[in-house]
1. Could you tell me whether region A:104-113 includes any residue that is within 14 Å of chain B (Cβ to nearest Cβ) and not in a helix (DSSP H, G or I)?
2. Tell me the residue from A:Ser117, A:Ser145 that is of a type in the set (Gly, Ala, Ser), more than 20 Å from the chain's Cα centre (by Cα) and facing chain B (nearest Cβ under 8 Å), please.
3. Give me the residue from region A:137-180 that is touching a Gly at 6+ places or on another chain (Cβ under 8 Å) and surrounded by fewer than 20 Cβ atoms within 10 Å (Cβ to Cβ) and, out of that set, nearest to A:Leu66 (Cα to Cα).
4. Does region A:11-26 include one or more residues that are assigned to a strand (DSSP E or B), open to solvent by 70 Å² or more (accessible area, probe 1.4 Å) and of a type in the set (A, V, I, L, M, F, W, C)?
5. I'd like the full set of residues that are closer than 16 Å to B:Phe64 by Cβ and either out of contact with any Pro (no Cβ under 7 Å at 6 or more places or on another chain) or surrounded by fewer than 16 Cβ atoms within 10 Å (Cβ to Cβ) (or both), limited to region B:92-106.
6. Could you check region A:28-65 and list, in sequence order, the residues that are within 14 Å of chain B (Cβ to nearest Cβ), aliphatic (A, V, I, L, M) and touching an Asp or Glu at 6+ places or on another chain (Cβ under 8 Å)?
7. Checking the structure you have, find out if any residue of region B:309-327 is at negative phi, more than 14 Å from chain A (Cβ to nearest Cβ) and either open to solvent by less than 30 Å² (accessible area, probe 1.4 Å) or touching a Phe, Trp or Tyr at 6+ places or on another chain (Cβ under 6 Å) (or both).
Amino acid sequence: MSLIEVRNLSRLYHMGEETVYALRDVSVGIEKGEYVAIMGPSGSGKSTLMNLIGCLDSPTSGEFILNGIEVSEMDDDELADVRNRQIGFVFQTFNLLARSTALHNVELPLVYAEIDSETRRERALEALGQVGLGDRVTHKPNELSGGQRQRVAIARALVNRPAIILADEPTGNLDSKTGVEIMALFEELSSRGNTIIVVTHEEEVARHARRIIRIRDGLIAADERISPEDRIQVGQS
Amino acid sequence: MRQAEVKESFVMALDALRANKVRSALTLLGILVGVFSIIVVMTAIRVMQDSVESSLSQLGANTFQIQKWPSMRVGGGERDWQKYFRRKDLTFDHANALVERVTRAKSIGVDEGLWSAEVISDYAETNPDVRLRGVTPGTFPGKNWVVESGRSILDADVDSNRRVCVIGAPVAKKAFPFGSPLGQTIKFHGIGYVVVGVLEDMGSSFGSEQGNFVLIPLTTGLNRYGWKRSLDFVVQAKDQASFDDVQSQVRGILRTIRKVPPGEEDDFDMVSNDSLITQFRSVTLAVRAGAAAVSSIALVVAGIGIMNIMLVSVTERTREIGVRRAIGAKKKNILLQFIIEAVVLCQVGGIVGVVLGILGGNLTSLFLQLPPSVPLDWALYGLLICSAVGVVFGTYPAYRAAQVNPIEALRYE
């Protein structure tokens, strides 16, 4: 069974009298260790799909099985638990706690995972080391550059060893050079066996992945593998 | 509720406080005033209560006093005054009857304040504030008077109206600065009394010295200052166990000899340390109730302020809530975080209020020259009340925070 099994997933929104299909009958599977980009213009339903895969939302109909767990029928608390253990979020705007140190930001998922403080610290330091910020642990977000902030956010996503890392426009708020660095980091994480899903509308960002799922009007318009020649690869440092 | 989560919320709360200093300070002010007003009054009353109680306990253990007039009156007015005024006097005969008939008392004595004036010895003269009191031997144990040197007043002194006296330590110090007063003569109102005993020093209370008096045999005093007066009786029971028995025995005998018909209330008052302290407490109850009312109003107003600021805070931090929800916080985690934040906010104000209140309340001890008092119980209640305000007024904003939809919260600008 795939890591992510999406079967006939639909999501409806009621806007006054109208019913809008954000997603219709979408089925897709993602294997463990894959590096996938989800693309689509705004309003295509890609955010809806991302929210469903991220367990922030529940589908109107269909099945969603994540890492062998049937999540489509879960209640709010169970979903929070799945998000905590299975999913690492990376946001466009970093979304760090402004008044907390990098270390505390990275520890936060472990606080909700009810892990003791020693292990928390150990694992947060390890995660910060993995993203190359081992020497910045006591800095607060406003003392860090945009790229460094996004690295802290990635460390936070990694820290609870999730099944998937779900990145929403991770380079959207970065200049192109820093963006490339962040994409290099994703590549590195991918080469270490992490499953990564990047949601983006930028072709260049998507081309770092090995597979692109294109969404249009709530349907999967294309699901293509990227041949090694077409892939953008950043020289690994 | 887990420790790590509580600690996390606590740290976040202090961070939030620090980030909005002015806003937090203004919000805290309400709580501070509420807690301050209750603590300041409670401290002030406690200061006075401690000292009133210590001065009231000049009655010895297991002792009660019988008097025509109640020792403290609350309200009542003219009618009550009339009632007490019409009571028959308590006479020496009554006292003697008690001595004869009461079986279980350890001592029965009479204490009658006669006059206040200066005491003149051959060497010095005291201030004119020394009280002359007519007593019997049975008065000494009940009043906790201990003869340090010489002897007490004896039955023989009373029987034969001797002009002898026992003086309190302050009087001895002032009237006889150089040597022992025993055997010397003092003059009070021009009449000489031979000093036969000196009492132990009893310290001071409310800034005035205890024992600033001259004790003479009751009969000597009444012969000089007149028999037509009501006396105070001092009765000491053998122990705590027999206290109630002795009281009811004394009550029964007095009712009989004073011919009080059955079913009617006593025509005399019986007071003990406990009853005096109870009366003092009932007098201060009104003040305390007033303070409680004022501060509860202040605290409700402060609580509304807390709720308001917490609602603002929840809105401002919608995105933070979204992030926390995304990385695994459950609704109850968010709820708890914001309730703790409200409680911390209240507690900071409360702690400052308690400290200022105790300091302010102890100003009374400075002015009245009483020992200061730290009402730990009220400090604790104050902080508990703060927590309660935090929980009560923080729950609704925290509930709102918990209900935030994480998807919308993450998109919130």
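The values are calculated or read from the model by the stated rules, or taken from the named source; none is laboratory data. These numbers come from a predicted model, not from an experiment. Positions of Cβ are generated from backbone atoms using ideal geometry, with glycine treated the same way; all protein chains shown enter the neighbour counts. Just the protein is used for accessible areas: all its heavy atoms, side chains included, with ligands, DNA and RNA removed. Shrake-Rupley method; radii C 1.70, N 1.55, O 1.52, S 1.80 Å.
1. Yes, there is a match, as at least one residue in region A:104-113 is within 14 Å of chain B (Cβ to nearest Cβ) and not in a helix (DSSP H, G or I).
2. Details: A:Ser145 fails: facing chain B (nearest Cβ under 8 Å).
Of A:Ser117, A:Ser145, the one residue that is of a type in the set (Gly, Ala, Ser), more than 20 Å from the chain's Cα centre (by Cα) and facing chain B (nearest Cβ under 8 Å) is A:Ser117.
3. A:Asn173
4. Within region A:11-26, one or more residues are assigned to a strand (DSSP E or B), open to solvent by 70 Å² or more (accessible area, probe 1.4 Å) and of a type in the set (A, V, I, L, M, F, W, C).
5. Taking region B:92-106 first, the residues closer than 16 Å to B:Phe64 by Cβ are B:94-95, B:98-99, B:102, B:104-106.
Hits for region B:92-106 are B:His94, B:Ala95, B:Leu98, B:Val99, B:Val102, B:Arg104, B:Ala105.
6. The answer is A:Met50, and nothing else.
7. First, the residues of region B:309-327 that are at negative phi: B:309-327.
Checking the rest, the ones that are also more than 14 Å from chain A (Cβ to nearest Cβ) come to B:309-312, B:314-315.
After this cut, where a residue has to be either open to solvent by less than 30 Å² (accessible area, probe 1.4 Å) or touching a Phe, Trp or Tyr at 6+ places or on another chain (Cβ under 6 Å) (or both) as well, the list is B:310, B:314.
Checked region B:309-327: at least one residue is at negative phi, more than 14 Å from chain A (Cβ to nearest Cβ) and either open to solvent by less than 30 Å² (accessible area, probe 1.4 Å) or touching a Phe, Trp or Tyr at 6+ places or on another chain (Cβ under 6 Å) (or both).
Conditions (1) open to solvent by 70 Å² or more (accessible area, probe 1.4 Å); (2) touching a Lys or Arg at 6+ places or on another chain (Cβ under 9 Å); (3) in the same structural domain as B:Ile306 (by TED's automatic domain parsing), marked per residue:
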| position | (1), (2), (3) |
| --- | --- |
| B:Gln369 | yes, no, yes |
| B:Trp378 | no, yes, yes |
| B:Tyr381 | yes, no, yes |
| B:Gly390 | no, no, yes |
| B:Tyr396 | yes, no, yes |
